[in-house]
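Written out below as structure tokens is the structure these notes cover.
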Amino acid sequence: MFVNLRPNKRWVVLALVFFGIVISYIDRGNLSIAAPSIMRDFAISPAAMGVLLSAFFWTYGTFQIPAGALVDRLGIRRAYAGGFLIWSIASAAIALSRGRGDIIGLRMVLGFAEAIGPLASLSFIRNNFAGKDQGLPTSIYIAGQSIGPALGALLGTMLLERFGWRAMFAATGLGALLWIPCWLAAVPLEGTRAVGTAEVGIADARTAEKTDDAWTWSDLLDCRAFWALSLSSLLASYYWYFVLTWVPSYLVLSKGFSNLGMGRVISTGLFSMAATNVLIGFAADKLAARIGVFRTRLSIAVLGYLGTAAILLLLILPTQDWVIPVLTFSICATGAGNSNFWAIVQHASSKNMAGRSVGYLNTISQVAGAAAPVITGWILGPQKQFGPAILVAGICPVLAALCLLWSGSTGLDRVKGLLASETR
């Protein structure tokens, strides 16, 4: 079921998509901001803290494909509003935690509910913007993924310093509920969804004819680009979730920043990433109209992931002075890579499979999200040595770039052709 909106109104809904993803990243990132304080209050080791940081991704990753099917079936309006309500309450309830078990349980609920967000967001963009025009809206969506943690770092550290971590969770979780009535008012319920239902019905009827054009799983698994996209999602996401989960603690524990100083460093990089995403998205749309969608997106994604490896410079530049410029450049580069990667995914997907296609690759992404905090916590050990952890995180996006080069634009064209054959 699809929401197909008038050109002007689709930008209003896109604004709400942006604010929705901002809020979701504030809620999921709060634990990273509070990690040093919670480790102190509950006497938690780095390895155990890695498990707490990972718990969100256990359910977030598990429910990506089911959530994608739910979005495709119910539409984004009801699915997103319901998920938003559940995750806001779960995030606020962490304020009442009595120990590690409570935090793990509530973070798992948070992950389950937030699984709806990216799938509804990217499905909306896929169904309301042409392939050559998806760069800017996708970049705006990706910008929300950076502005959310940036605002969370600023707001969270201020609340943490003045009122403690419990008040931080309560305020951000409950305050976010104001988004829901705005969403329900802006997104249509029945009228436009009926059109989408008819389209799905036609597609299902055509698929049921079992023509020679229908693709099979063996066709997809035999496609090099399918594996390249899967591996790229895994590797690029490892870096991103390392930044979101452990870099705040790295700045405090290894570089000697205060909580407020840590918030300033993180927010500088993430706000810069948001601005860079929008500018690159706009330019990429112009270029895609001239030389082709896949060729443009692939080139920018590869360059972005190669630039992300700049984080490795932190291994040889030990002073605080270099932290902000190095992290900012690395984070901006990964933003360019991620926004164009997801634009590739949307353009390769057929309309009635957008939620499931994004859901599959986001599931792969969340495997990295679950692994990065645990692996990093294990690497740190009692001595809290971040060097090897930064090395692993910096190499992963380089490997992601190589995977995309291995695919090539012709491989992406083949995937698009296979997925489109279901609806012919």
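The values are calculated or read from the model by the stated rules, or taken from the named source; none is laboratory data. Values in this document were obtained by computation on a predicted structure and should not be read as measured data. Neighbour counts are summed over all protein chains in view; Cβ atoms, including those assigned to glycine, are modelled from backbone coordinates with ideal geometry. SASA here: full protein model, heavy atoms, side chains in, ligands and nucleic acids out. Shrake-Rupley method; radii C 1.70, N 1.55, O 1.52, S 1.80 Å.
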What dipole magnitude, in Debye to the nearest 20, does the chain give about its Cα centre under +1 on Lys/Arg Cβ and -1 on Asp/Glu Cβ?
440
What do you get when you divide the Cα radius of gyration of segment 95-142 by 2.2 N^0.38 Å, with N the number of residues?
1.73
With springs connecting C-alpha atoms under 10 Å apart, model the chain as a Gaussian network and identify which of TRP240, TRP58, TRP322 has the largest mean-square fluctuation.
TRP322
Between rounded, prolate and oblate, where does segment 56-115 land on the alpha carbon gyration tensor, with a ≥ b ≥ c its root eigenvalues, rounded for a/c under 1.5, else prolate if a/b exceeds b/c?
oblate
Carbon plus sulfur, as percent of the 1.4 Å-probe accessible area of segment 40-94, comes to 70
For segment 229-246, what does the Karplus curve 6.51 cos²θ - 1.76 cosθ + 1.60, with θ = phi - 60°, yield as ³J(HN,Hα) per residue in whole Hz, taken in order and with x for Gly and Pro?
5, 5, 5, 5, 4, 5, 6, 5, 6, 4, 4, 4, 7, 4, 4, 6, 9, 10
Roughly speaking, what is the stretch gain from VAL12 to ARG73, that is 0.36 nm per residue apart minus the C-alpha to C-alpha distance, in nm to one decimal?
19.7 nm
Given Cα pairs under 8 Å that are at least 6 residues apart, what percent is the relative contact order of the chain?
29
If I ignore ligands, DNA and RNA and count only protein heavy atoms, how much of PHE19 is accessible to a 1.4 Å probe, in Å² to the nearest 10?
110
Ignoring ligands, DNA and RNA, please state the percent of accessible area on segment 290-362 from carbon and sulfur, probe 1.4 Å.
67
Scale the Cα Rg of segment 38-90 by the rule-of-thumb value 2.2 N^0.38 Å and send over the ratio, two decimals.
1.56
How much accessible area per residue does the chain have, counting only protein heavy atoms and a probe of 1.4 Å, in square angstrom?
38
Just read off the accessible area of PHE63 with the full protein assembly in place, 1.4 Å probe, to the nearest 10 Å².
80
Taking R0 as 25 Å, what FRET efficiency do you get between LEU96 and GLU161 from their Cβ-Cβ distance, rounded to the nearest 0.05?
0.75
Helix-derived mean residue ellipticity, 222 nm - over the chain, DSSP H n ≥ 4, -39500 (n - 2.57), to 500:
-28000 deg cm²/dmol
Over segment 236-383: Rg over Rh, Cα atoms, Kirkwood Rh
1.02
Phi to ³J(HN,Hα) by Karplus 6.51 cos²θ - 1.76 cosθ + 1.60 over segment 164-169, Hz, x for Gly, Pro
x, 6, 5, 5, 4, 5
Rg to Rh for the chain: what is it, with Cα atoms only and Rh by Kirkwood?
0.96
Which whole-Hz couplings ³J(HN,Hα) result when phi for each residue of segment 82-88 is put into the Karplus expression 6.51 cos²θ - 1.76 cosθ + 1.60, θ = phi - 60°, listed in order with x for Gly and Pro?
x, x, 4, 4, 5, 6, 5
Taking segment 293-376 on its own, what percent of its Cα-Cα pair distances exceed 22 Å?
41
Just how much of GLU114 is accessible, in Å², when a 1.4 Å probe is used and the result is rounded to the nearest 10?
0
